[in-house]
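The values are calculated or read from the model by the stated rules, or taken from the named source; none is laboratory data. A quick note: this is a predicted structure, and the numbers were derived from the prediction, not measured. Methodologically, a virtual Cβ is constructed for each residue, glycine included, from the backbone with ideal geometry; neighbour enumeration extends over all protein chains shown.
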Amino acid sequence: MHELSITQNILDITIREAEKAGADEITAIYIVIGELSNYVDDAINHYWHLLGEGTIAQNATLHFERVPARLKCADCGTEFRLNPDSYLCPECESARIEIVAGEEFYIDSLDIEKSDPVEV
């Protein structure tokens, strides 16, 4: 259910930024989500269609980019992909690891449309 509030935040941010740019319509939104985040693309998409209705974003298409989880060993410095079967460093088997990537969640960019200014 936390996708409802995050989707509302995405909508608020995108409308605010699009209006600053003088947009008449938001046509696409590009969102980056790390593999380790708890957000589900389909749920965000579902709430988007409900919350966006009647706004300049109502016809916007959401594009999701998933960032794979990468870890780094604090002992030997090896970077490696997350292995769900083991969180140990594949080189030295240390359990002292840091997350390097995979927790991201942000709006990367928007596509907007603006009407041409009318000269009088």
Of all residues in the range 12-43 being in contact with a Ser or Thr (Cβ under 7 Å, 6 or more places away or on another chain) and either aliphatic (A, V, I, L, M) or at positive phi (or both), the one that is surrounded by the fewest Cβ atoms within 10 Å (Cβ to Cβ): Ala28
Among the residues in the range 68-86, are any within 20 Å of Ser5 (Cβ to Cβ), surrounded by 12 or more Cβ atoms within 10 Å (Cβ to Cβ) and not acidic (Asp, Glu)? no
Filter the range 1-11 down to the residues that are in a helix (DSSP H, G or I) and at pLDDT below 90, then identify the one that is surrounded by the most Cβ atoms within 10 Å (Cβ to Cβ). Glu3
Could you grab me the full set of residues in the range 46-67 that are assigned to a loop (DSSP other than H, G, I, E, B) and either crowded, with 19+ Cβ neighbours inside 10 Å or in contact (Cβ under 8 Å) with a residue 24 or more places away in the chain (or both)? Gly52, Thr55, Ile56, Ala57, Asn59, Ala60
Exactly one of Glu103, Glu113 is exposed (fewer than 13 other Cβ atoms within 10 Å of the Cβ) and either touching a residue at least 60 places away in the same chain (Cβ under 8 Å) or more than 19 Å from His2 (Cα to Cα) (or both), and that one is Glu113
Looking for something aliphatic (A, V, I, L, M) and touching a Gly at 6+ places or on another chain (Cβ under 9 Å) - is there at least one such residue anywhere in the range 72-80? no
Do we find that Ile31 is within 13 Å of the chain's Cα centre (by Cα) and part of a strand (DSSP E or B) in this structure? yes
Which residues, taken from the range 68-100, are in contact (Cβ under 8 Å) with a residue 40 or more places away in the chain and either part of a strand (DSSP E or B) or within 30 Å of Asp12 (Cβ to Cβ) (or both)? Ile99
